[in-house]
1. Amide H to amide H, which residues 5 or more places from PHE137 or on other chains are under 5 Å from it, using H placed in the peptide plane?
2. Could the peptides 41-47, 15-21 be put in order, highest first, of the mean number of other beta-carbon atoms found within 10 Å of their residues?
3. Rank the residues TYR51, TYR33 as a footprinting-exposure proxy: fewest other Cβ atoms within 10 Å of their Cβ go first.
Amino acid sequence: MKHKRASQGFTLIEMIFFIVIAGISLAGIVPLYNTVLVNLHVLNDGMQAEYLGLEMVETLVSANAGGAGFANLTEANFPSQTGIDLGGTLRFDRVVQIEGMIPGQQPNPCTGLEYNGESFKCLTVTVAENGSGQVLFKQQMVNADLPN
């Protein structure tokens, strides 16, 4: 008389193999997951710096198109800000530099080449990490290129 084994679950050997294979797989995945979590703030800080920089770029574009135009674009109207806290891991410094581009002046502040057009201003917006000065966002533009 033959006994048929009923399928009622896994054997102890099958369970041990499963646990060993699952343990080896997790041992390779956990360090990768930990690295992602530790470095996630870097992406967030970069996005916050870009937000601050683009916010100022839009303000400069608005000021240029807002009637006073060329005359309104001065560093006094857009003072530097330090220690901006957006609730992330970093504080930021936002600096606006506005330099005149004089025809025949070499090098001009924006392109580094001689400029022979009419007088314009080179606008530079920089966002850096407060304290270290590491630049996280920088954009240069000439007010002649800004939409009116």
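1. Result for PHE137 returns VAL127.
2. 41-47, 15-21
3. TYR33, TYR51
No lab work stands behind these numbers, since they all come straight from the coordinates. Given the structure is predicted, the values throughout are model-derived calculations rather than measurements. Positions of Cβ are backbone-derived with ideal geometry, glycine not excepted, and every protein chain shown enters the neighbour counts.
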